[in-house]
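The values are calculated or read from the model by the stated rules, or taken from the named source; none is laboratory data. These numbers come from a predicted model, not from an experiment. Glycine also receives a Cβ, built like all others from the backbone with ideal geometry; neighbour counts cover every protein chain displayed.
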Amino acid sequence: MAYVAVTGGKEAIEQSLKLLELFRESGEDITVSCIKENMRLLVDKIMSEAGFYSEEYAALALKQCEGSVEEAVFLLRAYRSTLPRNYYSSPVDTREMRLIRRISAAFKDIPGGQILGPTYDYSHRLLNFSLLEERPDSINHESEDETLSDLSGDDIYCGRVTDLLRAENLLKEVPEDNTEPFDVTSNLLTFPAPRSARLQTFARSDAGFLGGVAYSSMRGYGAVHPTVSELRCGYVEVCVPYVLDETETLCIGEILVTEVEALVPSHTETADEFDKMTLAGGYGMIFGRNENKAIAMSIADASLETEGNTPSQDQEFVLTHGDSLEMSGFISHLKLPHYVTFQSKLDRVREKEEA
Amino acid sequence: MTKREVSAILAKASAEEVAVLAEPIKAKAQIQVLKEPQKTLVMVKVRESIKNSLFYLGEVLATECMVTVNGVKGMSVIAGDQFDKAMNIAVIDGYLNGNASSAEILEQIAVLGASQQQARQHMNRQIRKSKVNFNVMGE
């Protein structure tokens with residue numbers, strides 16, 4: 001069979017796009033604002049994987065693509081590529097985070113206390129059928145809790161748990177490293193990648209992929225089963241230099257982030273290793289509220305500090321296979337015509353059969 | 001108040017609240033637009049706490065604008081897609097740059113900041129109430 005170059009499908013594609021709109025339409029429309037207000041964790045996931053913080057646009061992307069995470073990430077990444085980047089923020093220091101949640105699995109008593117905040121950790125995983133009937137005007141907020149009046153209404157800020165460990169010399173004091181970060185959105189990643197490149201890549205990674213990497217490391221395909229020294233979630237101010245006066249900065253607003261510090265003791269099998277045992281750490285920080293992703297990021301970060309042959313210890317493996325856009329794009333390309341390459345495969349099989 | 005404090009309050013205010021502050025300035029001052037409100041990206045740089053190094057977390061959608069108010073430059077960069085608000089904040093900034101002793105508007109901004117803080121108090125109390133009180137067994 002000869003190879004034949006083909007064209008066509010224009011009308012079919014146009015109709016397919018029309019059908020997409022027909023399938024997207026529903027009898028009960030949902031507004032972008034409604035998605036933003038009601039699907040916050042999904043919106044956070046999209047922003048995190050897109051590496052693009054805009055709750056409104058993330059909600060719009062979700063509406064446009066029927067709630068598909070990878071399509072929404074694709075839309076945001078594509079849109080983001082049309083915008084100029086005119087500003088770089090001053091370094092965000094999470095000691096200045098306005099907290100809504102902060103816990104430590106390492107210490108019971110931490111300055112500022114363990115603040116559970118909004119979490120599903122203690123919820124019963126039972127379907128709440130009363131929500132089927134819930135309407136905005138039917139939500140019954142309980143009457144004012146009188147015990148609240150005894151509590152301070154000030155914003156909540158706390159120092160870090162690792163600062164305490166450093167004060168006790170249990171965690172090594174490290175000087176500020178002001179090396180300008182590598183930007184994976186503008187530069188081709190090469191290996192070994194700098195730490196800044198891997199943290200940025202993890203922050204944008206598909207949550208499921210990163211979870212799998214961390215899970216594998218904890219289960220034995222790696223050596224990291226950390227203790228969460230601190231998990232915090234809250235708002236940080238983003239500031240940029242004030243171009244009219246270099247001594248001043250402008251705050252552009254607040255973003256919601258989740259941060260995790262995970263601690264791992266160094267490997268000890270011999271008495272000598274035990275004597276030299278130190279604490280090392282992994283770091284996770286992501287846009288929005290997604291605690292498992294932030295914890296997974298800290299494990300993946302710590303795992304890359306260890307040596308071994310498991311996937312989680314292979315920098316190239318974990319940094320090149322977790323991007324939502326790249327992985328879905330590569331898998332999706334298999335749906336494109338491969339008539340020529342497949343004919344070539346068939347020819348080889350036929351030749352083998354005839355031989 | 002520093003630029004950071006003023007801009008933080010204005011960035012967190014609603015477009016309507018900012019308009020209330022900017023309209024009297026626009027009514028009496030000569031405004032020239034140097035850079036129309038436009039969308040831009042702000043790359044967020046973070047200092048991570050394990051190795052004390054810097055990395056890029058991701059980009060925030062923002063709107064920027066630059067004007068002159070009676071010949072004095074003012075600018076704004078605010079998160080989100082908010083053209084009118086960005087223009088009004090740039091006007092306020094230009095006015096403040098040309099009127100260092102503009103106590104009245106600074107006072108209005110301070111009041112706005114206090115009301116923002118006040119609005120967060122109830123939620124802060126709710127969050128504080130979720131602080132764990134441990135009971136140690138055997139004590």
**Asked** Out of curiosity, is A:A59 small (G, A, S), under 17 Å from A:T258 (Cβ atoms) and out of contact with any Asp or Glu (no Cβ under 6 Å at 6 or more places or on another chain)?
**Response** no
**Fill in**
How many residues of segment B:85-94 are among the basic types (K, R) and facing another protein chain (nearest Cβ under 9 Å)? The answer is 0
**Asked** For segment A:292-305, what are the residues that are within 14 Å of another protein chain (Cβ to nearest Cβ) and polar (S, T, N, Q)?
**Response** A:S298, A:S303
**Asked** How many residues, within segment B:67-108, are more than 22 Å from A:S54 (Cα to Cα), of a type in the set (A, V, I, L, M) and buried (at least 23 other Cβ atoms within 10 Å of the Cβ)?
**Response** 4
**Request:** Could you list all residues from segment B:109-118 that are closer than 21 Å to B:A27 by Cβ and surrounded by 15 or more Cβ atoms within 10 Å (Cβ to Cβ)?
**Result:** B:I109, B:L112
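Here is a yes/no grid of residues against (1) under 21 Å from the mean Cα position of the chain (by Cα); (2) surrounded by 22 or more Cβ atoms within 10 Å (Cβ to Cβ); (3) closer than 17 Å to A:L256 by Cα:
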site	(1), (2), (3)
B:K3	yes, no, no
B:V6	yes, yes, no
B:E16	yes, no, no
B:A19	yes, no, no
B:T40	yes, no, no
B:R47	no, no, yes
B:I50	no, yes, no
B:G58	yes, yes, yes
B:E64	yes, yes, no
**Request:** State yes or no: is A:R160 closer than 30 Å to B:S115 by Cα and within 28 Å of the chain's Cα centre (by Cα)?
**Result:** yes
**Asked** Of (1) in contact (Cβ under 8 Å) with a residue 60 or more places away in the chain; (2) closer than 19 Å to A:N292 by Cα, A:C158 satisfies all except one. Which?
**Response** (2)
**Item:** Wholly enclosed helices (runs of 4 or more DSSP H) of segment A:12-115 bearing at least 2 residues closer than 15 Å to B:V60 by Cα
**Value:** A:40-50, A:55-64, A:69-80
**Message:** Looking at the structure I just gave you, is A:F52 within 12 Å of chain B (Cβ to nearest Cβ) and aromatic (F, W, Y)?
**Reply:** yes
**Request:** Please state which of the following conditions A:L148 fails to meet, knowing it meets all the rest: (1) within 7 Å of chain B (Cβ to nearest Cβ); (2) at pLDDT 85 or above; (3) surrounded by 15 or more Cβ atoms within 10 Å (Cβ to Cβ); (4) in contact with a helix residue (DSSP H, G or I) (Cβ under 8 Å, 6 or more places away or on another chain).
**Result:** (2)
**Message:** Being at pLDDT 95 or above and under 30 Å from A:L165 (Cβ atoms) narrows it down to one residue among B:G58, B:G113; which is it?
**Reply:** B:G58
**Asked** Across segment A:152-176, what is the total count of residues that are surrounded by 12 or more Cβ atoms within 10 Å (Cβ to Cβ), farther than 18 Å from A:V228 by Cα and at pLDDT 90 or above?
**Response** 5
**Request:** Of all residues in segment B:81-138, count the ones that are β-branched (V, I, T) and closer than 30 Å to A:I100 by Cα.
**Result:** 6
**Message:** Give me the residue from segment A:88-134 that is out of contact with any strand residue (DSSP E or B) (no Cβ under 9 Å at 6 or more places or on another chain) and among the aliphatic types (A, V, I, L, M) and, out of that set, farthest from the other protein chains (Cβ to nearest Cβ).
**Reply:** A:L132
